[in-house]
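The values are calculated or read from the model by the stated rules, or taken from the named source; none is laboratory data. Keep in mind the model is a prediction, meaning the values are calculated, not measured. Note that each Cβ is placed from the backbone with ideal geometry, even for glycine, and that neighbours are counted across all protein chains shown. All accessible areas refer to the heavy atoms of the entire protein, side chains included, with ligands and DNA or RNA removed. Shrake-Rupley method; radii C 1.70, N 1.55, O 1.52, S 1.80 Å.
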Amino acid sequence: MSKLIRAGFFAVIAILGAGAFARLAWSRGETVSAAWLLVAAVCSYAIAYRFYSKLIASKIFALDAKRPTPAVRLDDGRDFVPTNKWIVFGHHFAAIAGPGPLVGPTLAAQFGFLPGVIWIVVGVALGGAVQDFVILAASTRRNGKSLGQMAREEIGPVAGMTALVAVLGIMIVLLAVLALVVVNALKSSPWGTVTIGLTIPIAMLMGVYLRWIRPGRVLEASLMGLVLLVVALYAGRAVSESASLATSFTLGGTTLAIIVMGYSFAASVMPVWLLLAPRDYLSAFVKLGVVIALAIGILIALPPLQMPALTQFTDGTGPVFAGKVFPFAFITIACGAVSGFHALISSGTTPKLLERETDARMIGYGGMIMESFVAVMALIAACALTPGVYFAINAPASAIGTTAASAAEAVRHWGFTLDPSEMQRLASLVGEHTLLSRVGGAPSLAVGMATVFASALGGGTAMAIWYHFAIMFEALFILTTLDAGTRVGRFMLQDLGRHVWEPIGRVSYPAVVISSALIVAMWGYFLYQGVLDPLGGINSLWPLFGISNQLLAAVALCVGTTVIIKMGKARYAWVTITPLAWLTIVTMAAGWDKLFSPDPRLGFLSHAHGIQGAIATGALPAAIKSVADARRMVYNDYLDAGVAAFFMISVVVILGDSMREWMSVVRGHKPMVSSEVPFDVVAVAGD
Amino acid sequence: MSATELLRAAAAVVRRVIGVPDYDRYAAHMRLHHPGVPPIPRDEFMRQRLAERYNKPGSRCC
């Protein structure tokens, strides 16, 4: 009987979810409540978790609560620590969730809400959550081996080396694009600049407190830090209201870019306890707090979705970024649907903490569903803005001009409405000079979040505080990613570099400084060219980031497929091969478009040819001031094209190497032996 | 469970979620399983844990 009730329960959930999707898909010309989007997502998650993750847990890995995990067998009180599954879940979620799932859906909202929500929900159920879960389970069965090690040992040295170099490449593009998001959010915003600037001494104060004043009292220090963050928020407002101070903190894009680079360099050579670790604690609190608050706010406000289900920009003419809905919706939203980066975490700290291997299902699959839910909330926040406001904030000046009137005209031309005075009113409501062309996703997400919070908690007067709180929240963990990423990049570079020139691998001061400077210079170059780019920078960098992240997902799924085949479960290999095939198609199609599209807004090469033609005829477009600038843009186009080509070749190499391995195992040329630590080892605690 | 105990337990959960290295657990582990081996001091333990956390990819995402 209870079985029947349970079947009935899931049938109702399935029908409810399908109904909500139908309601979203067939909405034409009227606004739909965000409630439908939430229902569609949550019902799909429930079904996917209950049935699909169960299939992976029982049919493929046969996860067994009695099989001792590495944390239990190798418990050393340091690396390997058996931990309660809810704590691991929180820890894993705080590690995987960052600015990615917030920015991607915001940008992809230019296609309307439908492509975004379908990809976020379906992509996570069949792709992202599968990847995280499979890698977590595979790594747990191999004493917590990293993705790179597994790629080398399971597939082969070629795939292993390609994965290693690709991770470094991805890191560079990721850091550049995230830095660009921060720079664009703080550009000519004294309030934001002062608030974010103050988070640095706040974190250092916490670091000093934890080191010398009250060592180890992390919660005390964090509480102090959180109070000081609120003070910083009001200090920013005070500066923005003072005529003399405001001008000195109103900075341009290039100045901010140089400051961010200098900061990241300094932060990455500083001791970890002084800045990085305390800010990481702070940002974990803020992250978990804001995710919960945003969920509650959206549930209370249930804003109507002003954005249509589909806009005309699915044809590739969108102002936020160029490219058709296929493949670019699937590249723009990486984090939140499928994020290759998670494979590094699922094969990093998390597998060393699992108390029981059955916990991997909730933590791997469930944790990714949580991130997907964050992406859905970001999509709701973006689509709750009227399309006019959304495009005025997210389109570059080359598309909408520099005045509210020209923006309104451009928006009217696209078939939406925007009252010019509305933009001015909104800007002063959130305490900014202007919201026009604040590209990068952060400002429009902050406006969306501020609207949700203000309408859920009442009072438009708090809008400015909420807006700057949201900006601070995004900048806080972008800065953390920047210095942690620069540090990791430095170690990887030293590791790769020692094969070329031994001294660079040393932990000596010059080697550290040189390699850190090299990493900052690499991403800083892309950041700087992004700031100068008349198309807004995001247009070229975000797709590169999406392609690289999906490349890493392809590596992870290749490793997953190899592991599954070698376990003798080849008949279930479709579970990882399906998302792998899709991601290969998407990355190749997007990479091809970015390289060879005849549309100069989309294709790097045609853009370069266009400018070269203009140089030859002497008729440079107004946005390009000198021939030297034009030459630099051509060079950058070729560089971006080279990066895209490198990622595409990496996909081919890894896929080819994996398929060779699969065929030789399936055909019996190689023994079908799993490299798992066998079940029957004696559980001994201690190292 | 008294209010202070509850608060203390909640604080322990929060500390571990945000990833604070747990020296007391390590010291207890060493006492129990390696009674002859002196545990590394707290400062050194914290330094090693932070280095481990931030020196390689796998602790942070985008």
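Overview of values
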| item | result |
| --- | --- |
| Checking A:GLY441 against (1) among the small types (Gly, Ala, Ser); (2) within 14 Å of chain B (Cβ to nearest Cβ); (3) in contact with a Gly (Cβ under 7 Å, 6 or more places away or on another chain), the condition it does not meet | (3) |
| Test: residue in the stretch A:360-383 that is touching a Cys at 6+ places or on another chain (Cβ under 8 Å), open to solvent by less than 10 Å² (accessible area, probe 1.4 Å) and either closer than 30 Å to A:LEU147 by Cβ or touching a residue at least 60 places away in the same chain (Cβ under 8 Å) (or both) | yes |
| Residue in the stretch A:611-633 that is nearest to A:PHE313 (Cα to Cα), counting only those that are of a type in the set (Gly, Ala, Ser) and loosely packed, with under 15 Cβ neighbours inside 10 Å | A:ALA623 |
| Among the residues listed as A:ALA454, A:ALA427, A:ALA442, the single one being in contact (Cβ under 8 Å) with a residue 40 or more places away in the chain and within 28 Å of the chain's Cα centre (by Cα) | A:ALA442 |
| Some residue of the stretch A:232-246 being within 14 Å of chain B (Cβ to nearest Cβ) and closer than 29 Å to B:ARG16 by Cβ | no |
| Of residues in the stretch B:24-48 being open to solvent by less than 60 Å² (accessible area, probe 1.4 Å) and within 7 Å of chain A (Cβ to nearest Cβ), the one nearest to A:ILE213 (Cα to Cα) | B:TYR26 |
| Those residues of the stretch A:201-242 which are more than 30 Å from the chain's Cα centre (by Cα) and open to solvent by 90 Å² or more (accessible area, probe 1.4 Å), in sequence order | A:ARG211, A:TRP212, A:ILE213, A:ARG214, A:ARG217, A:GLU241 |
| Identity of the residue in the stretch B:1-20, more than 7 Å from chain A (Cβ to nearest Cβ) and open to solvent by less than 70 Å² (accessible area, probe 1.4 Å), that ends up nearest to the chain's Cα centre (by Cα) | B:ALA12 |
| Extreme residue, nearest to the other protein chains (Cβ to nearest Cβ), among residues of the stretch A:65-91 that are outside any helix (DSSP H, G or I), among the β-branched types (Val, Ile, Thr) and within 12 Å of A:GLU357 (Cα to Cα) | A:THR83 |
| Per-region count, the stretch B:7-28, residues under 17 Å from B:PHE45 (Cβ atoms) and outside any helix (DSSP H, G or I) | 4 |
| A:THR317 vs. criteria over 21 Å from the mean Cα position of the chain (by Cα), closer than 28 Å to A:LEU37 by Cβ and open to solvent by 10 Å² or more (accessible area, probe 1.4 Å) | yes |
| The stretch A:267-279, subset out of contact with any Leu (no Cβ under 8 Å at 6 or more places or on another chain) and either over 20 Å from A:TYR209 (Cβ atoms) or of a type in the set (Phe, Trp, Tyr) (or both), residue farthest from the other protein chains (Cβ to nearest Cβ) | A:VAL269 |
| Subset of the stretch A:1-11 that is farther than 14 Å from A:ARG50 by Cα and modelled with pLDDT of 90 or more - its residue that is most open to solvent (accessible area, probe 1.4 Å) | A:LEU4 |
| Residues being under 25 Å from A:ILE624 (Cβ atoms), among the small types (Gly, Ala, Ser) and buried (at least 20 other Cβ atoms within 10 Å of the Cβ) - total across the stretch A:510-535 | 2 |
| Among residues of the stretch A:19-33, those that are in contact with a helix residue (DSSP H, G or I) (Cβ under 8 Å, 6 or more places away or on another chain) and open to solvent by 40 Å² or more (accessible area, probe 1.4 Å), counted | 2 |
| Some residue of the stretch A:479-495 being free of Cβ contacts under 8 Å to residues at least 12 places away in the same chain and not in a helix (DSSP H, G or I) | no |
| Yes/no for A:ASN143 being within 14 Å of another protein chain (Cβ to nearest Cβ) and among the polar types (S, T, N, Q) | no |
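Residues are listed down the side, and each one gets a yes or a no for (1) open to solvent by less than 20 Å² (accessible area, probe 1.4 Å); (2) hydroxyl-bearing (Ser, Thr, Tyr):
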{"residue": "A:SER244", "(1), (2)": "no, yes"}
{"residue": "A:THR247", "(1), (2)": "no, yes"}
{"residue": "A:GLY253", "(1), (2)": "yes, no"}
{"residue": "A:SER268", "(1), (2)": "yes, yes"}
{"residue": "A:LEU282", "(1), (2)": "yes, no"}
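Matching residues to (1) away from chain B (no Cβ under 14 Å); (2) open to solvent by 20 Å² or more (accessible area, probe 1.4 Å); (3) within 29 Å of A:ALA337 (Cα to Cα):
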| site | (1), (2), (3) |
| --- | --- |
| A:ALA484 | no, no, yes |
| A:SER508 | yes, yes, no |
| A:GLY537 | yes, no, yes |
| A:LEU541 | no, no, yes |
| A:GLY546 | no, no, yes |
| A:VAL586 | yes, no, yes |
